[in-house]
1. Please work out which one of (1) out of contact with any helix residue (DSSP H, G or I) (no Cβ under 7 Å at 6 or more places or on another chain); (2) more than 13 Å from chain A (Cβ to nearest Cβ) is the condition B:PRO84 fails and give its number.
2. Across the range A:46-69, what is the total count of residues that are within 15 Å of DNA strand C (Cβ to nearest atom) and within 14 Å of chain B (Cβ to nearest Cβ)?
3. Name every residue in the range A:78-88 that is open to solvent by less than 50 Å² (accessible area, probe 1.4 Å) and in a helix (DSSP H, G or I), in order of residue number.
4. Report whether or not A:ALA72 is within 14 Å of DNA strand C (Cβ to nearest atom), small (Gly, Ala, Ser) and either within 14 Å of another protein chain (Cβ to nearest Cβ) or assigned to a helix (DSSP H, G or I) (or both).
5. Among the residues of the range B:55-77, how many are within 16 Å of DNA strand D (Cβ to nearest atom) and crowded, with 18+ Cβ neighbours inside 10 Å?
6. Kindly evaluate B:ALA42 against the criterion of being within 14 Å of DNA strand C (Cβ to nearest atom), out of contact with any Lys or Arg (no Cβ under 7 Å at 6 or more places or on another chain), under 27 Å from B:VAL169 (Cβ atoms) and not assigned by TED's automatic domain parsing to the domain that holds B:MET139.
7. Any residue at all in the range A:38-61 that is within 20 Å of the chain's Cα centre (by Cα), closer than 24 Å to A:ASP177 by Cα and part of a helix (DSSP H, G or I)?
8. Scanning the range B:144-203 for residues that are open to solvent by 10 Å² or more (accessible area, probe 1.4 Å) and small (Gly, Ala, Ser), which turns out nearest to B:THR97 (Cα to Cα)?
Number of protein chains: 2
Amino acid sequence: MDTTQRTDQQRSADRRRRELLEAADRVVLRDGPGASMNAIAAEAGITKPILYRHFGDKGGLYAALAKRHTDALLGALRAALDAPAERRERVEATLDTYLAAIEARPQVYRFLMHPSEGGPQGDQGFDVGAYSFPLLRRMGEELADVIEERVDLGPNSQQLARVWGHGIVGMMHAAGDWWLGERPCARADLVHALADLLWGRLSAAGDKAGGPSF
Amino acid sequence: MDTTQRTDQQRSADRRRRELLEAADRVVLRDGPGASMNAIAAEAGITKPILYRHFGDKGGLYAALAKRHTDALLGALRAALDAPAERRERVEATLDTYLAAIEARPQVYRFLMHPSEGGPQGDQGFDVGAYSFPLLRRMGEELADVIEERVDLGPNSQQLARVWGHGIVGMMHAAGDWWLGERPCARADLVHALADLLWGRLSAAGDKAGGPSF
DNA sequence: AGACTACTGTTACCGTAAGTAACATGTAAG
DNA sequence: CTTACATGTTACTTACGGTAACAGTAGTCT
C-alpha cells in the first residue's frame, strides 16, 4: 500500500542520506572545513545534484553534518555534567571531555566552529547574530540550563545562568583552541587551570610586588 | 638621489595603501566579511590587480585590515586595563570597553573574528591551529602578559596566566557574541554577570533544593 | 501490455569570485 | 630620445556553488 511504499522509500532515502553524510564526514576529516561539494559527491560516488536534492544547499549539508557531531559531543558533555560527584569534579570532567574530543579530531572540531563558511552570494544580508557558531551556542544554552537547574543563584537566576553558560563555554573553547595550536601543557594541567579560574582564584590572588593592583 | 627618490615612492605607495585600506574598510562595514575584491577595488576607484600588487592576496588585505582594528581595540583595552582603580573595576571596565566596541560596529567585529573566510581554493592545507582568530589570540596573549605581570600566582605563573588570558578572552567573546545576537539585557548587566563569574560566584553559590550538587 | 508516476542519476551549463598574464600609459633619469 | 619603473587597464583562467534539462528504472493504475 501507499504507507508501506512510502515507508520503504523513506527508509531508503534515509539510508542514502546517512551514507552521504558519512562520505561528507570522511572528506571533511581529510580536507577540513573547505571541503567542496564536488569532492563530497565524488567521495560518495555520485554527483553534485544528488547532494543538493538531499540537503538543499551547502548550508543544509553542513548543518546536518554538524548536528551529528554536535549531538554526540553534547551527549558526552551532559554525561560528564551529570556524573555522581562533587561540583568541581564535574566541571573538570566536562572540561576534560570537551578537550579530549577536540584533541582527537581537530578537523571536525574546526569544521563545527566555522560552519557558516559563507558562500559568495548566499549570505548577502549579513544578519548579525545569525552568523553564530551553532555548536558553541548549543553548548552555551545547554550549560545554562544545567546551571539554572542546579545552582541557587537568587533573583535573576535565569539571565545569570545564560550569561555564565555562554561565557564558560567560550572560555573552554578559546582556551582549547589556543592549547590545541601550541600544546603548551598536558590536558590535565589545562583543565585544572581553567577550573581554578572558575573557582575565583583570580580574585583571591594577591598583587605582585612592584606594581599597582590588577 | 636614489634614497630620496625611493623614499618619495615609498611614501606615495604607503599613502596609496592607506587609501586602499580605508576603502576596504568602508566596503567591509557595508557588506560584511564577504566583501569581494572587486567591490573593494571599485570602492577605491581602481581595479583588482592593484589590490593584489599591494596586498598579495585576499588574506593579505584582510590581515592588514584586521591589524588596524585589532591595534585600535587592543589600545582601548589596555587603557581600561591600566586605569588607576581596583582590580575588579578594571576588569569591568575592560569588559565594557570590548562590548561597547562590538556593539558599535558589529560588522567589523564579525570580520575580525572570521578573517579566514576561506576562499574556494586558497586554504587547502588546513594547518590546524593556523586557522585561529588573530584578534582573539592577540587579546589572549596581551591579557596573559598583564596577568602575569601584575598578579601573584605562585609557581607556574606563566602558564597559568596564559591559560587564563585566553580563557577570559574567550569568555568575553562568546558571551558578547551571544549577547549581540539576542540582546537579552543591558550591557552593564552582562559586564556584572561576567565579573561575578570571574570572581568565583559559581563556586560560592549553593545547590538548588531538589537535585544533587552541581 | 502500455501509459503514468516517482525516484535516482547524469551531463552541461550559469553566475560569481579569486587570482594572473599581457598589455598600455605617464614620468623621471641617463 | 631612450630606458627604466611604477601605475593602471582589459581579458583571461580556474574553481566553486547552484540549477536546468535530460535519461534510465522501478513499481502502479487502467
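1. Exception for B:PRO84: condition (2).
2. Looking only at that region, the number is 1.
3. Those that are open to solvent by less than 50 Å² (accessible area, probe 1.4 Å) and in a helix (DSSP H, G or I): A:ALA80, A:LEU81, A:ARG87.
4. Spelling it out, it is not the case that A:ALA72 is within 14 Å of DNA strand C (Cβ to nearest atom), small (Gly, Ala, Ser) and either within 14 Å of another protein chain (Cβ to nearest Cβ) or assigned to a helix (DSSP H, G or I) (or both).
5. Residues in the range B:55-77 being within 16 Å of DNA strand D (Cβ to nearest atom) and crowded, with 18+ Cβ neighbours inside 10 Å: 3 in total.
6. No: the conditions fail for B:ALA42.
7. So far as the range A:38-61 goes, yes, one or more of its residues are within 20 Å of the chain's Cα centre (by Cα), closer than 24 Å to A:ASP177 by Cα and part of a helix (DSSP H, G or I).
8. B:ALA188
The values are calculated or read from the model by the stated rules, or taken from the named source; none is laboratory data. Here the structure is a predicted model, which is why all the values come from computation and not from measurement. Because the Cβ atoms are built from the backbone with ideal geometry, glycine has one as well, and the counts that use them run over all protein chains shown. With ligands, DNA and RNA removed, areas are computed over all heavy atoms of the protein, side chains included. Shrake-Rupley method; radii C 1.70, N 1.55, O 1.52, S 1.80 Å.
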